Amino acid sequence: MTMLSLGHYLDANATEPLRPEARAAMLAALDVTGNPSSIHAAGRAARRAMEDAREALAARFGVRAGDVVFTSGGTEADALAVHALGQGRRLVIGATEHDAIRAAAPGAAIVPVFANGLIDLNALAAILADGPPALVCLMLANNETGTIQPVAEAAALCRTLGALLHVDAVQAAGRMPVNFSGLGASSLAISSHKLGGPTGAGALLLAPDLSTIVPLIRGGGQERGRRGGTPPVAAIAGFAAAALATADAGNLAGLRDMAERAAVANGALVIGGDAPRLANTTCLALPGARADTQVIALDLDCIAVSAGAACSSGKVAASHVLAAMGLGELAGQAIRVSLPWNATVADVDAFAAAYGRMADRLRPPLVSRAA
Ligand code: PLP
């Protein structure tokens, strides 16, 4: 069971629980005193710890170690990609991209998605065929619905039409196979805390021909001049250890399906259920019940889920992801359930029971709906 004192934590897409492998690696690295830029023995020890982590991550995600640039997390990796690869190019982004991309690419052309959340590749081709060279940003898996985009096809299209492709794989890495060189993209963002590592570390993976980039943060020229600032060695060590502990296997699909069946039996609709999805994520709309009210009701019953992206909670606006999928009113009535790596049957049973109690209270009564 996940963290008894916090009840049942089903909000992994906001942040995953720390994996024990990551904790152990961090504790060991915290005892390394040096700055990786220092040339003395202590500095060299810190650099060794960091380079070991870089090599492990590179092997894990199919990239050369020298093409891994450490950042503070996924948001910075996305911002660096748009800044560096977008130089002199027009920006084109998917309609369901995370705010990390949307905010970095104001005024970008938007590629629409179908009702199931999948990108319209014909629309992308039309946008690319008409205008100067572009940088396209497309997420591999969506944070709210888990929808897995056809990124390899998009990459092939981009190559044919002279565009670069940045892939936001922040939610995908560690939850499905991610092989950067196999995807054929120009760059790819990953984040430590979304795969069971600590917050404070992320990385941008670069294609070999793009490995020299204009930095967003200059500072002392760390990361071969691609990202200034003293790197957080312990967080980076934890990041790599967590990535190595991930399984990609989709072993959470059974639990996710259990949760969905329970919700559907209580009147929920599964959003984007007919598209390929991450095994740990489901987006459930309860017609007539506001998403924030659902989240609070479940929280009072010791279940942690979210309404839309966690990063945008507190905003009253309905999710732009669900609005782009054409959900209309339902866009404000959907919650995200995202199972962490250590989810159990007991967590899902507790969710099912709490969802039933909540739906009984929040669903508009049948009589008034008929009236
Ligand atoms: N991209 C996606 C798809 C995300 O879901 C998130 C965070 O939720 C980010 C980027 C930002 O990552 P980070 O929290 O590491 O800054």
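The values are calculated or read from the model by the stated rules, or taken from the named source; none is laboratory data. Predicted, not measured: the structure shown is a model, and the values here were computed from it. Cβ sites come from the backbone with ideal geometry, for glycine too, and all protein chains shown count toward neighbours. Only protein heavy atoms, including side chains, enter the accessible area calculation; ligands, DNA and RNA are left aside. Shrake-Rupley method; radii C 1.70, N 1.55, O 1.52, S 1.80 Å.
Express in nm, to one decimal, how much length is gained between Glu153 and Met258 on full extension, taking 0.36 nm for each residue of separation and deducting their alpha carbon distance. It would help to have the intermediate numbers written out before the result.
On the way: separation 105, 0.36 × 105 = 37.80 nm, distance 3.18 nm.
Separation in residues times 0.36 nm, less the Cα-Cα distance, equals 34.6 nm.
In the elastic network of the chain, a GNM with C-alpha springs shorter than 10 Å, the most mobile of Gly254, Gly131, Gly356 is Gly131.
Any chance you could run the full-extension gain for Arg48 through Arg290? It's 0.36 nm times the residue separation minus the Cα-Cα distance, nm to one decimal.
Details: separation 242, 0.36 × 242 = 87.12 nm, distance 5.08 nm.
Length difference between fully extended and current span is 82.0 nm.
Backbone geometry of the stretch 83-94 corresponds, through the Karplus equation with coefficients 6.51, -1.76 and 1.60 at θ = phi - 60°, to 3J(HN,Hα) couplings of 5, 7, 7, x, 4, x, 10, 7, 9, 9, 10, x Hz, x marking Gly and Pro.
Other residues lying with their Cβ under 13 Å from the Cβ of Gly131 contribute a combined charge of +1, Lys and Arg counting +1, Asp and Glu -1. State the percentage of accessible surface on the stretch 20-245 attributable to carbon and sulfur atoms; use a 1.4 Å probe and exclude ligands, DNA and RNA. Looking at the stretch 20-245 in its full context, I get 58 percent from C and S.
Per-residue 3J(HN,Hα) values for the stretch 272-280, derived from phi via the Karplus relation 6.51 cos²θ - 1.76 cosθ + 1.60 with θ = phi - 60°, read x, x, 9, 9, x, 9, 4, 5, 9 Hz in sequence order (x marks Gly and Pro).
Tell me, what is the percent relative contact order of the stretch 143-197, built from C-alpha pairs under 8 Å that lie six or more residues apart? Here the relative contact order equals 37 percent. Relative contact order, whole percent, for the stretch 1-66 stands at 15, derived from Cα pairs under 8 Å and 6 or more residues apart.
Any idea what log10 I(q)/I(0) is at q = 0.10, 0.16, 0.17 Å⁻¹ for the stretch 96-186, Debye with uniform C-alpha scatterers and no solvent? The computed values of log10 I(q)/I(0) come out as -0.23, -0.61, -0.69. Within the full protein context, the accessible area of Ile335 is estimated at about 0 Å² for a probe radius of 1.4 Å.
The separation of the stretch 224-269 from the stretch 53-126, counted between C-alpha centres, amounts to 18 Å. Estimated from helices alone, the mean residue ellipticity of the chain at 222 nm is -11000 deg cm²/dmol (sum of -39500 (n - 2.57) over DSSP H runs with n ≥ 4, per residue). With a simple spin-label model that places each label point 7 Å from the Cα along the Cα-to-Cβ direction, the separation between Leu300 and Ala323 comes to 2.9 nm. Based on the Stokes-Einstein relation at 4 °C and a viscosity of 1.567 mPa s, and on the Kirkwood radius from alpha carbon pairs, the chain is assigned a translational diffusion coefficient of 61 µm²/s.
In the context of the full set of protein chains, residues of the stretch 20-245 present 37 Å² of accessible surface per residue (probe radius 1.4 Å, heavy atoms only). Averaging the sequence gap over all C-alpha pairs within less than 8 Å and six or more residues apart, then dividing by the number of residues, gives the chain a relative contact order of 24 percent.
How much length is gained if the chain between Ser38 and Arg224 is pulled fully straight, taking 0.36 nm per residue apart and subtracting their Cα-Cα distance, in nm to one decimal?
On the way: separation 186, 0.36 × 186 = 66.96 nm, distance 1.44 nm.
Net length gain for the segment: 65.5 nm.
Charge dipole of the chain (Cα centre as origin; +1 on each Lys and Arg Cβ, -1 on each Asp and Glu Cβ, all else neutral): 520 debye, rounded to the nearest 20. Amide H contacts for Val111 (H built 1.01 Å from N in the peptide plane; partners 5 or more residues away or on another chain; cut-off under 5 Å): Ile93, Gly94, Ala95. Phi-derived couplings, Karplus 6.51 cos²θ - 1.76 cosθ + 1.60 at θ = phi - 60°, listed residue by residue for the stretch 124-135: 4, 4, 5, 5, 6, 5, 10, x, x, x, 10, 10 Hz, with x used for Gly and Pro.
If I build a Gaussian network model for the chain, linking alpha-carbon pairs within less than 10 angstrom, which residue out of Ala354, Ala41, Ala156 has the largest mean-square fluctuation? Sorting by GNM fluctuation, first place goes to Ala41.
All other residues whose Cβ lies under 15 angstrom from that of Ala95 are scored, Lys and Arg at +1 and Asp and Glu at -1, for a net of -4. Taking 7 Å steps out from each Cα toward its Cβ at Asp120 and Ala353 produces label points 4.6 nm apart.
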